[in-house]
Amino acid sequence: MPQPKRTTASSATKTASATTEKQKQLQAAAADETNVLTTNQGLQIPDNHNSLKAGVRGPTLLEDFILREKITHFDHERIPERAVHARGTAAHGYFKVYKPMAHYTSAGFLQNPEAEIPVFVRFSTVAGSRGSADTVRDVRGFAVKFYTNEGNYDLVGINIPVFFIQDAIKFPDLVHALKPEPHNEMPQAASAHDTFWDFVSLMPESTHMLMWAMSDRALPRSYRMMEGFGVHTFRFINARGESHFVKFHWKPKLGVHGLAWDEAQKIAGKDADFHRRDLWEAIDQGNFPEWELGVQIIEEGKEDKLGFDILDPTKLIPESVVPVQLIGKMVLNRNPDNFFAETEQVAFHPGHLVPGIDFSNDPLLQGRLFSYTDTQISRLGGANFHELPINKAVCPFHNFQRDGMHRQSVNKGRVAYEPNTLANGSEYRVDGGAQGFQSHPEQLEPPKVRRRSPSFDDHFSHARLFWNSQSPAEKDHIVAAFRFELSKVEVSDIRQRMVDNLAHVDSKLAARVAAPLGINAPDAKAAAGRLGFRDYRIAPSVEEDAALSMARPAENIKTRKIAILVADGVDLLTFKRLQQELLDAGAACKLIAPQLGAVTTSSGKQLAVDHTFANMPSVMFDAVLLPGGAASAATLMQMGDAIHFILETYKHCKTICALNEGVQLLGTLGFALEGHGDQVMEPTTGVLLADARKAAEGQIAQAFMASMTSHRHWDRLNVDAVPA
């Protein structure tokens, strides 16, 4: 039997836009709107407002097949949500490799710099249900489906490079502990409760992941400003069969930034769809998010020199030890046409591989290889989920799998088995051929055992590496997060166990966390005496790594959202040029006023208002501009909502720029314009005061934009004293 034509790694070097192929494939399944309403069988419906009745006031008739079809379909419109990663959003895009990677891997999509590989990317929270909020403290999913000419390849990762557990057999326990407690189904989308901390306090291997989860990494500013990681160690296999270990990274071009905890909580109430909306609007406005794909490559046989076991998913390879090589770019440039058909029905699986990429023996990864297929069968109604348009490969596929629920292929002929001779009169057999995917022939060690490798026993050195790598402000946030979460734990013994574990990371960290929790001082010896503790320490090659900190400025202010607070009498001249410079730099400026419509400037012109203080709070913006204008400033100073907007911006450590009379709005904070010359003042980090009539042209814009690239100013004065 002739095999379907497939594009091999060598032919993948031909220039082609596979992105267009996937768009055409999806378009073929699209259903356009028409003005004719029909049943699912194509019968035109004359009346969609009234069911068939026995008299106008009589009972509805069972024979109303139109009503029954409509109601029955509605009753079955929902499918089971994902057990984890239920709340997500997604987008289409493409990936291009920078240069051929043939030295390391034969994967075709990593060879041709001219080829655009279509991708579909889904971001998600982990713990919450589909209806939970976007900005909760949680790990974020970062799953990428590459539609390659050799089949679909799924890189299914998260925004943190490690995980809570070392073996997949503990995954159900982890999720059961993390999810709402079964007796009362609370709390939703939160880890701040007894069952979660009971579990992780008894699992010292979770300590490193807890450090990340309590950091600002668990509160991303945007999916567009979030790193992604493959977590596990994989293999690159080249055409000669040579193997290299590889770790995958996604590096966002907009930088890595997070929210303040108070801000994240408020956003959850103001706009539960904050991250969804941010991604959708950015793509809709042509501000296409970009990430670079990076790899850490380790030659097989040299992994022992790292000082830890690279099969352990609770460990990371410091970038200062093995630098990340940037090998390609991913751009998301198209929103889905239908949330359910694409975002909800997309099925990812770390076992969706292409030739040239293979697994390692990471025991957590090995368990995922079973789990993902199993859960898709449950969610999507059977074994044919691969035939849904969003999951369908762009290359031809052929096998003898048949039938099952929702089968869409119409397979011709009498043969559904292999080997066979009836298909075309000659023997067809697939039995040990050299083409296609080849598993790496790794030598395995007997005997068969149910034990953990002793090389997995160090549970604290990488948690300490992460802690040492954080800036002072980031350390403060980690301490505050542990305090908040553990303060929600009702059983004091659980709180005690957790801080005792933290004492093995850093004694000062543990003491700071324990201080307000009403428990004893941390006791490292007590932790070491508990079951599950492994008294084994590696000697890390580095004590800290700058790549683990988010305290790095961005390259620019593209897509940053700036609120300009205005009222009647605002002085347009003080900010018109500044606003244009911000727009030219790629920022988005919105005018916030007491009411919708327009405000009248001091020169009598009308300015269209974008939002009011009531419907668009400060937590939706990255920075604030306070223009001049005596009448405008006087009006805003009498508005509690306007003053709260400014105070909240200050408390969340965002950049504030005040011009001329606009500085009066900062009087509550103790800042004034008096006594300065023609320079821009910065009385505390990220607060800029300027007389727009005296400052040199471009000086204010330059200072404002430079301040915003820092994202936040965590060392700002007296933040805790601000009532917002």
Practice problem: Give me the number: length gained by fully extending A30 to N411, i.e. 0.36 nm times residue separation minus the C-alpha to C-alpha distance, one decimal in nm. | Solution: 134.9 nm
Quiz prompt | Where labels lie 7 Å past Cα in the beta-carbon direction, separation of H176 and L583 in nm | solution = 5.8
Exercise. Can you tell me how much longer the chain between T421 and L444 gets when fully stretched, taken as 0.36 nm per residue apart minus their C-alpha distance, in nm with one decimal?
Key: 4.5 nm
Quiz item: In degrees between 0 and 90, to the nearest 10, how far off the longest principal axis of the chain does helix 65-75 point, with axes built from Cα atoms?
Solution: 70
Quiz item: Got a sec? Charge dipole of the stretch 199-241, +1 on Cβ for Lys and Arg, -1 for Asp and Glu; which of A218, V200, H232 is way out at the positive end?
Solution: H232
Quiz prompt | Solvent-accessible area, 1.4 Å probe, carbon plus sulfur percent, for the stretch 311-455 | solution = 52
Self-check item: Relative packing of peptides 150-158, 549-557 - highest average C-beta neighbours within 10 Å first
Solution: 150-158, 549-557
Practice problem: Please give the net charge around P204, taking every other residue with its beta carbon less than 11 angstrom from that of P204, where Lys and Arg add +1 and Asp and Glu add -1. | Solution: -2
Exercise. Provide the solvent-accessible area of D273, counting protein heavy atoms only and rolling a 1.4 Å probe, rounded to the nearest 10 Å².
Key: 60
Quiz item: Rg and Dmax of the chain, Cα atoms, in Å?
Solution: 28.9, 97
Quiz item: Which distance in nm do the two modelled labels at E77 and D535 give, with both placed 7 Å along the Cα-to-Cβ direction?
Solution: 6.2
Self-check item: Dipole-positive endmost among A623, G586, G604 within the stretch 559-645 (Cβ charges, Cα centre)
Solution: G586
Self-check item: Full-stretch length increase - M637, D476 - with 0.36 nm per residue and alpha-carbon distance subtracted
Solution: 54.7 nm
Quiz item: Residues with beta-carbon under 14 Å from that of N520, excluding N520: net charge, scoring Lys, Arg +1 and Asp, Glu -1?
Solution: 0
Quiz item: Name the residues of the stretch 49-67 whose amide N is less than 15 Å from a point 7 angstrom out from the Cα of L37 along the C-beta direction?
Solution: 49-52, 65-67
Quiz item: What percentage of the solvent-accessible surface of the stretch 171-258, computed with a 1.4 Å probe over protein heavy atoms, is contributed by carbon and sulfur atoms?
Solution: 62
Practice problem: Could you size up the charge dipole of the chain around its Cα centre, putting +1 on the beta carbon of Lys and Arg and -1 on that of Asp and Glu, and report it in debye to the nearest 20? | Solution: 900
Quiz item: Ranked highest first by the average count of other Cβ atoms within 10 Å around their residues, in what order do 58-69, 201-212 fall?
Solution: 201-212, 58-69
Quiz prompt | Accessible area expressed per residue, the chain, with surrounding protein chains retained (probe 1.4 Å, Å²) | solution = 46
Quiz item: Which of H459, Q443, M405 sits farthest toward the positive end of the charge dipole of the stretch 405-468, with +1 on the Cβ of Lys and Arg and -1 on the Cβ of Asp and Glu?
Solution: M405
Quiz item: At E114 and R552, where each label point lies 7 Å from the Cα along Cα→Cβ, what is the point-to-point distance in nanometres?
Solution: 3.3
Exercise. Mind giving me the FRET efficiency for K525 and S487? R0 is 30 Å, r the Cβ-Cβ distance, nearest 0.05 is fine.
Key: 0.75
Quiz item: In deg cm²/dmol, rounded to 500, what helix-only [θ] at 222 nm does the chain give when every DSSP H run of at least 4 residues adds -39500 (n - 2.57) and the total is split over its residues?
Solution: -7000 deg cm²/dmol
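The values are calculated or read from the model by the stated rules, or taken from the named source; none is laboratory data. None of these values were measured; they are calculated from a predicted model. No Cβ is skipped: glycine too gets one built from the backbone with ideal geometry, and neighbour counts run over all protein chains shown. Side chains are part of the model used for accessible areas, which takes the heavy atoms of the whole protein and leaves out ligands, DNA and RNA. Shrake-Rupley method; radii C 1.70, N 1.55, O 1.52, S 1.80 Å.
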